[in-house]
Amino acid sequence: MTNLVSINDFDIVYISYDEPNADENYADLLEKCPWAKRSHGVWGSDAAHKAAAALSETERFITIDADNIVNEDFFNIELDMDKIKSNDVISFAAKNVVNGLVYGNGGIKMWPVDVVNAMRTHEAAPESDKRAQVDFCWDTQYIQMNGTYSTIHNNATAHQAWRAGFREGCKMALDQGLRVTTEDFYKNHWKNLHRLYIWLMVGADVENGRWAIYGAREGLYKTMCTDWDFINVRDFDWLNEYWDSTVSLN
């Protein structure tokens, strides 16, 4: 016996902050999923996800980042909930429109409300938990699903493309959220290195793709070759100010 449950039985929350294509992408989502809710303008990844959890009326809820356009077939999914533990986070892969990479980061997620309310990551992480300063995944049980159910459009402007590349250039240089030496960098997980190399080299033929490549190279350089505090990669306000004061001027 199986316990198949439609994906549409769970609340869907669209999370946006300042993405230039957020309204356009939300309108596209509402055409496919008129019941989708929206959380907008909440600073900090931890706080933004808790705000989304507060909108949920179901024990689990689905988050869609503002740079995602969801495939219509996502709403045909049925999950066997008997095979999913109460604290599992379900991750659906997304395709990046700039460089063609397909992986879980930035894609659709299904979260248990209790897990989100209990977690302390990013800006809410205690100083003693170094691994949780810039990401979720090290203390969260992810189940990566087969199939690609959204496309990430993070190149609507040069700024958006640069910021997306910069964040990945930094985070993929880390080992489980921690900075490593130059020598140990090459010992990082091969999948991370493979994806990082693609961020660094692929996408020049796509609109604003060169900015994504430049951002990835700059994020990697600042993380590995300077004493820059890489924790700032979690702070969109810091990234925006850095773009305005430094990158865009050049």
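Here, each number is a calculation from the coordinates, and none is a lab measurement. In this text the structure is predicted, and so the values were computed from the model without any measurement. Positions of Cβ are backbone-derived with ideal geometry, glycine not excepted, and every protein chain shown enters the neighbour counts.
The Cα-based radius of gyration of the range 1-154, divided by its Kirkwood radius, gives an Rg/Rh of 0.94. Sequence-ordered 3J(HN,Hα) estimates for the range 144-150 from the Karplus curve with 6.51, -1.76 and 1.60 and θ = phi - 60° stand at 8, 8, 6, x, 10, 10, 7 Hz, glycine and proline given as x. Per the Debye formula on identical point scatterers at the alpha carbon atoms of the range 121-172, with no solvent, log10 I(q)/I(0) at q = 0.14, 0.18, 0.22 Å⁻¹ is -0.57, -0.85, -0.99. Gyration tensor over the Cα atoms of the range 97-223: the corresponding equivalent ellipsoid has semi-axes (square roots of 5 times the eigenvalues, largest first) of 24, 19, 14 Å. Based on the convex hull around the alpha carbon atoms, the range 86-136 presents an average projected area of 4.4 nm². Among the listed pairs Lys50/Lys191; Lys191/Lys222; Lys37/Lys222; Lys109/Lys130; Lys32/Lys130; Lys85/Lys191, a Cα-Cα separation exceeding 32 Å is found for Lys37/Lys222; Lys32/Lys130.
Over the range 160-202, all Cα pairs binned in 10 Å intervals from 0 give whole-percent P(r) values of 29, 57, 14, 0, listed from short to long. For the range 170-233, treating each Cα as an identical point scatterer without solvent, what Debye log10 I(q)/I(0) comes out at q = 0.15, 0.16, 0.23, 0.27 1/Å? Treating every Cα as an identical point scatterer, log10 I(q)/I(0) equals -0.45, -0.51, -0.96, -1.18. The phi torsions of the range 205-218, fed into the Karplus equation with coefficients 6.51, -1.76 and 1.60 and a -60° offset, translate into couplings of 8, 9, 3, 6, x, 5, 5, 5, 4, 4, x, 4, 5, 5 Hz, rounded to whole numbers, with Gly and Pro shown as x. Computed on the chain, with alpha-carbon pairs under 8 angstrom and 6+ residues apart, the relative contact order is 19 percent.
For the Cα trace of the range 46-113, dividing Rg by the Kirkwood Rh returns an Rg/Rh value of 0.97.
How big is the Kirkwood radius of the range 1-91, worked out from every pair of different alpha carbons and given in Å to one decimal?
Numbers: mean 1/r = 0.0716 Å⁻¹.
One over the average 1/r among Cα pairs gives 14.0 Å for the range 1-91.
Using the per-residue mean of other Cβ atoms lying within 10 Å as a proxy for protection, in what order, highest first, do the peptides 178-184, 209-215 fall? Please report the intermediate quantities before stating the final value.
Numbers: 178-184: 11.4, 209-215: 23.0.
With the highest mean Cβ count within 10 Å placed first, the list reads 209-215, 178-184.
The range 185-207 and the range 1-42 have Cα centres lying 29 Å from one another.
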